[in-house]
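Working notes for the structure below.
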Amino acid sequence: MNIQTENTKTVGADFDAVVIGAGFGGLYAVHKLRNEQGLNVRGYDSASDVGGTWWWNRYPGALSDTESYVYRYSFDKELLQKGRWKTRYLTQPEILKYMNEVADHLDLRRSYKFDTKVDGAHYNEKTGLWNVITDSGETVTAKYLVTGLGLLSATNVPKFKGIGDFKGRVLHTGAWPEGVDLSNKRVGIIGTGSTGVQVITATAPVAKHLTVFQRSAQYVVPIGNTPQDDATIAEQKANYDKIWDQVKNSVVAFGFEESVEPAETTSPEERERVFEAAWQRGGGFYFMFGTFCDIATSQVANDAAADFIKGKIKQIVKDPKVAEKLTPKDLYAKRPLCGNNYYEVYNRDNVTLADVKADPIAEFTPNGIRLESGEEHELDIVIFATGFDAVDGNYVKMDLRGRGGVTMRDTWKEGPLGYLGMMEVDFPNFFMILGPNGPFTNLPPSIETQVEWIADTICAMEEEGVQSVEPTVEARDAWVGTCREIADMTLFPKAESWIFGANIPGKKNAVMFYMAGIGNYRNAINGVKDDGYASLMRN
Ligand code: N01
């Protein structure tokens, strides 16, 4: 390993770069900037150790729904050779263990202050430095500010009447404490997104009784989490370069070849055969993107996929009234979900489904939750699987101020913007990992792509003696326009989900992703670099 001098190169600054976050993004940024470029870097995380999302989301059943061999860093071949994943998907403890191994291997922890939240960061035009303010009272200065705040980490905790009167425990999946025992408890779960599906299937077998409070019924396909044998793993290791080449040039970066066959022009019998094979294989993104190429863009194809899943719900769920409640009424255009025998859960005697769209939650009572109809569910623990103020949530919560004191909150008051998913106008030397209008994919490959671009940009600045970079308004607006155009070619804007900010009351509906795939995204950002950063203002 090539750890160079720890002395700050930037005259008058405490550090060359501050990196916020110790998840996949932050850790890699510290490695690239400190270990490879010899910059003096300070990292912060409000958690007590590395892991980011996987430090916080310790709820029962938490796992990645990307296959194990592509839910990691592609650069890290040494740990890859030592790695042994037991199943097709990694559980939260396994991912956290991997991230700890990476942090040890690359000696990253010593650059971090943990249990320290960054409250704000202000750009000082006179010094050309960022003043980074933490909740420990410490303020430090740095030339570069790199944020790995997490795409899905600002928890959404809906406000319910009477919640303070509830005598039981209330937990959010995204801030899960150690040592929670759900066995033999009356558990209520609010929310049936990716998280809800995982925590519901894990809780049902252990709880005394589980009540699921479902607002929107969801399309859920099997995950297909099978054990991985040594031969499969050896093959994955041997073909690693080829696998990653495919991933980085694909659309969703999940490790499978996206289909090029349109469902629209495929016979109903053949569609049925392909959907059934995908159902048996497992995987949410595979079902949406690996079966046919037009499920996310053609209403006909979308209806075909939706009808197939609706048919499965009818077959699996024994009580027709419950099956009806579980059947989605909207199109199949949210982030695709998969689970471990999800619909089967509702055949269990100890599980009740409350349809809170038809009969909304009126209030929490001392003993549980009362619906508007008066029906009361007695509970010991209520789990909020209610998701996140996604993408821009953490940025607008933080006191971020760029040139002339302009705040990010103001810049994004009509919805988040962002250039290449990484930069913003009036925020010089400010680099977001998974900022707004970045790619919609399996996240580690996109994170890696962005961190490498950020590190290359910083490296070029240091070599050329550039003091500051930021995008022009024209470049930023053109990028946001491109993202809107691409999104409008898909069906995703027609479904209400966090992808367009629809899950947070009062949040403006805005485009938040570049939906043309990681391959096209990489070409676009590498084009900016190859063009000598012509779309950036450089001083
Ligand atoms: O959050 P969500 P999530 N009353 O917003 C409901 C990633 N992830 O944490 O649909 C009642 O999807 C809400 O209802 P509705 C992944 O990218 C990945 O589950 O808005 N219900 C919905 O059912 C995922 O997409 C993995 O009507 C309320 C649920 O809460 C993203 O994180 C695992 C409510 C929220 O679903 C977010 O998933 C887990 C209210 N007031 C998560 N407010 C992997 O596998 C909200 N809801 C890697």
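The values are calculated or read from the model by the stated rules, or taken from the named source; none is laboratory data. Treat the numbers as computed from the prediction; the structure is a model and nothing was measured. Reconstructed Cβ throughout: ideal geometry from the backbone, glycine too, with neighbour counts over all protein chains shown. Protein only, heavy atoms only, side chains kept; ligands, DNA and RNA dropped before computing areas. Shrake-Rupley method; radii C 1.70, N 1.55, O 1.52, S 1.80 Å.
Matching residues to (1) outside any loop (DSSP other than H, G, I, E, B); (2) among the charged types (D, E, K, R):
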{"position": "E272", "(1), (2)": "yes, yes"}
{"position": "I313", "(1), (2)": "yes, no"}
{"position": "D330", "(1), (2)": "no, yes"}
{"position": "A354", "(1), (2)": "yes, no"}
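Select, from I458, I486, the only residue that is outside any strand (DSSP E or B), within 16 Å of R522 (Cα to Cα) and of a type in the set (V, I, T).
I486
Need pairs with beta-carbon distance below 9 Å; first residue touching a residue at least 40 places away in the same chain (Cβ under 8 Å) and open to solvent by less than 20 Å² (accessible area, probe 1.4 Å) and within region 213-226, second of a type in the set (D, E) and within 11 Å of the ligand (Cβ to nearest atom); sequence gap 6+ or separate chains.
Close Cβ pairs satisfying both conditions: F213/D355; Q214/D355; A217/D330; A217/D355; I223/D65.
I'm told L536 meets every condition in (1) within 30 Å of K9 (Cβ to Cβ); (2) of a type in the set (A, V, I, L, M, F, W, C); (3) modelled with pLDDT of 95 or more except one. Can you identify the failing condition by its number?
(3)
Of the conditions (1) of a type in the set (K, R); (2) touching a Phe, Trp or Tyr at 6+ places or on another chain (Cβ under 6 Å); (3) within 16 Å of the ligand (Cβ to nearest atom), K161 fails just one. Which one is it?
(2)
Please enumerate the residues belonging to region 1-23 that are open to solvent by 20 Å² or more (accessible area, probe 1.4 Å) and more than 20 Å from K77 (Cα to Cα).
Taking region 1-23 first, the residues open to solvent by 20 Å² or more (accessible area, probe 1.4 Å) are 1-12, 14-15.
Passing the criteria: Q4, T5, E6, N7, T8, K9, T10, V11, G12, D14, F15.
Go through region 158-205 and give me each residue that's of a type in the set (K, R) and surrounded by 14 or more Cβ atoms within 10 Å (Cβ to Cβ).
Correct list: R169, K185, R186.
For I243, indicate whether it is more than 9 Å from the ligand (Cβ to nearest atom) and under 25 Å from S446 (Cβ atoms). I'd like the intermediate steps shown before the answer.
On the way: more than 9 Å from the ligand (Cβ to nearest atom): yes; under 25 Å from S446 (Cβ atoms): yes.
So I243 fits the description; yes.
When region 391-411 is examined, which residues are found to be farther than 30 Å from Q198 by Cβ and open to solvent by 10 Å² or more (accessible area, probe 1.4 Å)?
Matches in region 391-411: D399, R401, R403, G404, G405, V406, T407, R409, D410, T411.
In region 119-128, which residues are in a strand (DSSP E or B) and either open to solvent by 10 Å² or more (accessible area, probe 1.4 Å) or within 16 Å of the ligand (Cβ to nearest atom) (or both)?
Step one: of region 119-128, the residues in a strand (DSSP E or B) are 119-124.
If the condition is that a residue be in a strand (DSSP E or B) and either open to solvent by 10 Å² or more (accessible area, probe 1.4 Å) or within 16 Å of the ligand (Cβ to nearest atom) (or both), then D119, H122, Y123, N124 are the ones that fit.
Any residue at all in region 242-256 that's open to solvent by 70 Å² or more (accessible area, probe 1.4 Å) and out of contact with any helix residue (DSSP H, G or I) (no Cβ under 7 Å at 6 or more places or on another chain)?
Yes: one or more hits.
Would you pick out the residues in region 30-47 that are out of contact with any helix residue (DSSP H, G or I) (no Cβ under 8 Å at 6 or more places or on another chain) and assigned to a loop (DSSP other than H, G, I, E, B)?
Once the filter is applied, which keeps residues that are out of contact with any helix residue (DSSP H, G or I) (no Cβ under 8 Å at 6 or more places or on another chain) and assigned to a loop (DSSP other than H, G, I, E, B), region 30-47 yields G38, S46.
Give region 371-393 a look and list any residue that's touching a residue at least 60 places away in the same chain (Cβ under 8 Å), more than 12 Å from the ligand (Cβ to nearest atom) and not in a loop (DSSP other than H, G, I, E, B), or say none.
Residues satisfying the conditions are H377, E378, I381.
Taking region 24-58 as the region of interest, how many residues are within 16 Å of the ligand (Cβ to nearest atom) and open to solvent by 20 Å² or more (accessible area, probe 1.4 Å)?
The qualifying residues number 5.
Let's see how each residue does on (1) in a strand (DSSP E or B); (2) within 12 Å of the ligand (Cβ to nearest atom); (3) open to solvent by 10 Å² or more (accessible area, probe 1.4 Å); (4) under 16 Å from A238 (Cβ atoms):
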{"residue": "G61", "(1), (2), (3), (4)": "no, yes, yes, no"}
{"residue": "S64", "(1), (2), (3), (4)": "yes, yes, no, no"}
{"residue": "S74", "(1), (2), (3), (4)": "no, no, yes, yes"}
{"residue": "L80", "(1), (2), (3), (4)": "no, no, no, yes"}
{"residue": "R84", "(1), (2), (3), (4)": "no, no, yes, yes"}
{"residue": "L90", "(1), (2), (3), (4)": "yes, yes, yes, no"}
{"residue": "E94", "(1), (2), (3), (4)": "no, no, yes, no"}
{"residue": "K97", "(1), (2), (3), (4)": "no, no, yes, no"}
{"residue": "V102", "(1), (2), (3), (4)": "no, no, no, no"}
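Which one of these is under 26 Å from A333 (Cβ atoms) and either open to solvent by 40 Å² or more (accessible area, probe 1.4 Å) or without any contact (Cβ under 8 Å) to a residue 24 or more places away in the chain (or both): L420, L434, L443?
L443 is the lone residue from the list that is under 26 Å from A333 (Cβ atoms) and either open to solvent by 40 Å² or more (accessible area, probe 1.4 Å) or without any contact (Cβ under 8 Å) to a residue 24 or more places away in the chain (or both).
Only one of (1) over 24 Å from the mean Cα position of the chain (by Cα); (2) among the acidic types (D, E); (3) not in a helix (DSSP H, G or I) is not met by D294, so which one is it?
The one condition D294 does not meet is (1).
Looking for whichever is touching a Pro at 6+ places or on another chain (Cβ under 8 Å) and either within 11 Å of F213 (Cα to Cα) or open to solvent by less than 50 Å² (accessible area, probe 1.4 Å) (or both) here; the options are F388, F384, F364. Which one fits?
F384
Suppose we filter A478, A502 for residues that are part of a loop (DSSP other than H, G, I, E, B) and farther than 21 Å from I447 by Cβ; which single one remains?
On the way: A478 fails: part of a loop (DSSP other than H, G, I, E, B).
That would be A502, the only listed residue that is part of a loop (DSSP other than H, G, I, E, B) and farther than 21 Å from I447 by Cβ.
From the list D359, D426, which one is farther than 27 Å from K529 by Cβ and either within 16 Å of the ligand (Cβ to nearest atom) or assigned to a loop (DSSP other than H, G, I, E, B) (or both)?
D359
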